[in-house]
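The values are calculated or read from the model by the stated rules, or taken from the named source; none is laboratory data. Worth saying up front: this structure is predicted, and the values here are computed from it rather than measured. Glycine gets a Cβ as well: all are built from the backbone with ideal geometry, and neighbour counts include every protein chain shown. Ligands, DNA and RNA are excluded from the accessible area calculation, which covers all protein heavy atoms including side chains. Shrake-Rupley method; radii C 1.70, N 1.55, O 1.52, S 1.80 Å.
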Amino acid sequence: MLQMNNEEIRKAADFFTHEIAKLAGDKSFRLMEVCGTHTVAIFKAGIRQLLPENVQLVSGPGCPVCVTPNEYLDTAIAFSRKSDVMIATFGDMLKVPGSSSTLAAEKAQGADIRIVYSSLEGLELAKRYPDKKVIFLAVGFETTAPTAAAAILMAEAEKVANFYVLSSHKLVPPALRALLSSGDSKVHGFLLPGHVSAMIGLTPYEFLSKEYNTPAVVAGFEPLDILQSVYMLLRQLDCGVAKVENQYRRIVPKEGNPAACEVLSTVYQAADAQWRGIGHLKNSGLVMREKYQKFDALLNIPVTVEETKEAKGCQCGSVLRGLMLPTSCPLFGKTCKPEHPVGSCMVSIEGTCAAWYKYGAGRWQV
Ligand code: SF4
């Protein structure tokens, strides 16, 4: 697909949009793109405008920053206030509102908070600053969790005693199960995240079709990938079948990445976890196995955390469950904008509200 010239791409796009409209007919379909990268790609390519009105794309809980609960932010902020602690974090986390502050505000007041691009950079900071307790904020899905696990294994091998991880890793399949079992999602099919699937493969999603009779397609991120994936979903729905298909075969092996999964399961095991706006989901997060708990910031560095409060009026929970478009939130574009976000979905560029705000002009202004 990547080798096609512009004319071939245009013809393929015409084919898929025509077939999608034909398959949809006069029925209405609600498809969820689970991944924040898909949300942005859909906006950038104007895919919503190519689809018929009765084929609706809604975003799911696939932006790691968005699903990280307030309580986690409050804990990170409390740690950042300790004089012997250095926080190593992805830049996205700085602006996410906690109950009464943000990491950006704490940094402005002198907290030692460093932006890193990987967990290994966090480990490097620990080696460079042996007098500090360096806490890496590990936020993300199956895609990034193996790299945090690798950093912990490296810290163990190199006997780095001042490296800690504050984990908020999340697992995608249990979140999809929670959406479907809640009974209010009304989603007819899923566009599954390409990057997460490259790690875990297709098998962990099979319950979608087997238990919930819901079709799913692992989708790539090019505009044609997405159009083809929508077409594949509608074809399944038209035939009355439900299975997990792989549109992104050029990147996603059916069995995923066993080596990365092994690193992950060496360090972590599944545990219940809290999702912002979605709740406490069984086996949807990761905690360190006993052998590695000396790297767990929560278990090793005493801290007092303020009582968690949710932002008044924020509808992130409904947005993350695909029940509501960002434009229906009364705060959208008014008190809540990317430069002063009220909820987490307005922070990361992959957040649904931020994507709607940045790229949705012309639709959300109506
Ligand atoms: S617009 Fe802001 S307040 Fe409303 S749901 Fe989105 S992030 Fe939350």
Which condition from (1) farther than 30 Å from PHE90 by Cα; (2) surrounded by fewer than 21 Cβ atoms within 10 Å (Cβ to Cβ); (3) not polar (S, T, N, Q) is the one that ILE20 breaks?
(2)
Among the residues of the stretch 220-241, the number that are in contact (Cβ under 8 Å) with a residue 40 or more places away in the chain, hydrophobic (A, V, I, L, M, F, W, C) and under 12 Å from GLY189 (Cα atoms) is 4
Is it true that SER181 is part of a helix (DSSP H, G or I) and crowded, with 23+ Cβ neighbours inside 10 Å?
no
Against the definition (over 30 Å from GLY25 (Cα atoms) and open to solvent by 70 Å² or more (accessible area, probe 1.4 Å)), how does ILE301 come out, yes or no?
no
For ARG276, the lone unmet condition from (1) closer than 26 Å to SER344 by Cβ; (2) surrounded by fewer than 22 Cβ atoms within 10 Å (Cβ to Cβ) is (2)
Based on this model, can you work out whether ASN70 counts as open to solvent by 10 Å² or more (accessible area, probe 1.4 Å) and at pLDDT below 95?
no
How about the stretch 236-352: which helices (runs of 4 or more DSSP H) wholly inside it have at least 1 residues that are under 25 Å from LEU180 (Cβ atoms), at pLDDT below 95 and within 14 Å of the ligand (Cβ to nearest atom)?
316-320
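Out of PHE190, PHE207, I need the residue that is touching a residue at least 12 places away in the same chain (Cβ under 8 Å) and either within 30 Å of LEU137 (Cα to Cα) or out of contact with any helix residue (DSSP H, G or I) (no Cβ under 7 Å at 6 or more places or on another chain) (or both). Which one?
Matching residue, one of PHE190, PHE207: PHE190.
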